[in-house]
Every structure is written in structure tokens, then in C-alpha cells.
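The next block holds one structure in the form of C-alpha cells; read it before the comments.
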Amino acid sequence: MNHRVLAIDPGDKHIGLALSDPTGTIANPLTVVNHISRAIDAAQITRIATENEVEIIVIGQALGDEGEVGPAARKAQRMAEAIRLQTNLQVVLWDESGSTMEAREARFEMGVSRRRRSGHLDKLAAVIILQSYLDAHRH
């Protein structure tokens, strides 16, 4: 049975995507989509989800320290709404607080040179969001 999950790390310029394996156990980096407009981004994400036979789309939502919804979290909510308009797939918001920081630390631990470290954390952040979601939803 296919339990593929697509995770999204919504950024201002780039949207990181990660895809689970067919069993919904392991998160892998997929691609980075350049932000154009909410409707176009949603269409691209929906197409990628369909191509990869995804069952659930998880969108990283950065909540504040007290769990409050700030500007970044509202942007994730608007993206979720835009995607829901274009697909019947389940769309879930997932608290991703700290995923970019974790991605940066993971790259540091992997020994990525300082010069290259400031590059695309988007895909890695999406992997961290997806893995935390998958771990929390293990059957």
C-alpha cells in the first residue's frame, strides 16, 4: 500500500519539497520550486504530488514560542488553502519551528564548507519537516 507523503517548506523565494518513500517511513529531498505566485506555486505542487502518487501533503508552519500564529504561519495557511482549491488530497499544516535551524546544524555536522552552507536549506528543511511528521504518525 502506498503511503507517500509530500512535505513543503514554504519560503519567500524558494519552496523546498521532500517526498517520503512508498511506505511513508523515510523522508528524502525532492526539489526546490521557485516562488512565483500562490496559485502557480499551488498548481506546481499539486502536479508534483500527482506525479509522485502522493496521499498527503504536509506544509511546514512555523509557530511562535507560545504556539501563536505569526506572519510566516499565516503564509503557510494561505498556501494550504490554495493547494486545497486544486486537489482533493489531504493537506496538513505541521509545526516546523526550528526546521531551518536544524537543517543548518545538520549541514554543519555533515562537514559542508562554510561557503556552501549558506546555500539552499529549503530542501533539507522540508526533509526535517517530513521526517518529524512521519515519526509522529508511525502506525
So if I check each of Val32, Val69, Val5, Val58, which one is under 11 Å from the mean Cα position of the chain (by Cα) and surrounded by fewer than 19 Cβ atoms within 10 Å (Cβ to Cβ)? Val32
Does Ala49 meet the test of being in contact with a Lys or Arg (Cβ under 9 Å, 6 or more places away or on another chain) and at pLDDT 95 or above? yes
Could you look through the stretch 83-139, keep only residues that are assigned to a helix (DSSP H, G or I), hydrophobic (A, V, I, L, M, F, W, C) and at pLDDT below 65, and pick out the one that is farthest from Gly67 (Cα to Cα)? Phe108
Could you grab the pairs with beta carbons closer than 8 Å, sequence gap of 6+ or different chains, first residue in the stretch 1-12 and assigned to a strand (DSSP E or B) and at pLDDT below 95, second one acidic (Asp, Glu) and crowded, with 16+ Cβ neighbours inside 10 Å? Asp9/Glu96; Asp9/Asp122
Evaluate the stretch 66-73: report whether one residue or more is modelled with pLDDT of 95 or more and of a type outside the set (D, E, K, R). no
Of the conditions (1) more than 20 Å from Ser132 (Cα to Cα); (2) modelled with pLDDT under 95, the single one that Gly16 does not satisfy is (1)
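The values are calculated or read from the model by the stated rules, or taken from the named source; none is laboratory data. If you're wondering where the values come from, they're calculated on a predicted model, not measured in any experiment. Reconstructed Cβ throughout: ideal geometry from the backbone, glycine too, with neighbour counts over all protein chains shown.
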